[in-house]
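Heads up, the thing below is written out as structure tokens.
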Amino acid sequence: MSMNYSICDDGEADPLEDDQEYFPQWSWDRVRTWVSIRRADDYSDEQIRELAGHDVVMLEKMNGHLTHGCIERGSSQAARRIKAINPRTVILFYLNSMVHYGKYKANQHWNPEWAARDKKGELVKWVNGKYMSYNHTNLKFREWWIQRALDAVSNEEIDGIFVDAICKTTQRFLPEGHAEAYFETANELR
């Protein structure tokens, strides 16, 4: 089964085509840099200066949760420090499309009944059986997941969302209709 990964429906105009305000300035005169990074406590001032030198910084899972109590606050603090040095750095907040990682404040509202089960009724788990899998066929889950993304980008230092593990949404052992449901989730988010 072939899936179309365009964010636009056939014949639909790309809503970002004319709106480049939030994209880094582009020139073929220099190679653009980006970094994906995570750290459980605070970054040093030297590390923040290094991160601020990149065009895009994706704050991966686990950022600052030991120091700030949750990933959302830890990521926000790191983003604020980076933007204080270089406001043009684009900051992306990490969300996984399939793996339920801990240490997010939003997990206070997670319902384990939203976890995916395989065709035998067993919980689907990732990363050596450590983390539950999301089930995009569950509408309550989808509302929760989308709200997490909206809450993240409501923070003025966060410029966008990096959605990881999209390739896992199409696994055959997931509930029937799961891949299509994920794309519905993604379309609702955009």
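The values are calculated or read from the model by the stated rules, or taken from the named source; none is laboratory data. A quick note: this is a predicted structure, and the numbers were derived from the prediction, not measured. Reconstructed Cβ throughout: ideal geometry from the backbone, glycine too, with neighbour counts over all protein chains shown. Ligands, DNA and RNA are stripped out before the accessible areas are found, and what is left, the full protein with its side chains, is counted by its heavy atoms. Shrake-Rupley method; radii C 1.70, N 1.55, O 1.52, S 1.80 Å.
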**Request:** State whether one or more residues within segment 135-142 are surrounded by 15 or more Cβ atoms within 10 Å (Cβ to Cβ), of a type in the set (D, E, K, R) and within 27 Å of Gln47 (Cα to Cα).
**Result:** no
**Message:** Quick check on my filter: what residues within segment 158-170 are open to solvent by 40 Å² or more (accessible area, probe 1.4 Å) and either in contact with a helix residue (DSSP H, G or I) (Cβ under 7 Å, 6 or more places away or on another chain) or without any contact (Cβ under 8 Å) to a residue 40 or more places away in the chain (or both)?
**Reply:** Ile161, Cys167, Thr170
**Among (1) under 16 Å from Val99 (Cβ atoms); (2) in contact with a His (Cβ under 7 Å, 6 or more places away or on another chain), the one test that Thr137 misses** = (1)
**Message:** If I filter segment 57-80 for residues that are over 30 Å from Ala181 (Cβ atoms) and among the charged types (D, E, K, R), do I get at least one hit?
**Reply:** yes
**Request:** State whether the residues of segment 178-186 include one that is within 20 Å of Ala116 (Cα to Cα), without any contact (Cβ under 8 Å) to a residue 40 or more places away in the chain and not polar (S, T, N, Q).
**Result:** yes
**Fill in**
Among helices (runs of 4 or more DSSP H) entirely inside segment 44-127, those with 2 or more residues being touching a residue at least 24 places away in the same chain (Cβ under 8 Å), of a type in the set (Lys, Arg) and buried (at least 16 other Cβ atoms within 10 Å of the Cβ) are 71-85
**Asked** When you look at Ser2, is it open to solvent by less than 80 Å² (accessible area, probe 1.4 Å), modelled with pLDDT under 75 and part of a loop (DSSP other than H, G, I, E, B), yes or no?
**Response** no
**Message:** Being over 14 Å from the mean Cα position of the chain (by Cα) and under 30 Å from Arg81 (Cα atoms) is the requirement here; does Glu184 meet it?
**Reply:** no
**Message:** For segment 139-160, check the following and say yes or no: at least one residue is part of a strand (DSSP E or B) and in contact with a strand residue (DSSP E or B) (Cβ under 9 Å, 6 or more places away or on another chain).
**Reply:** yes
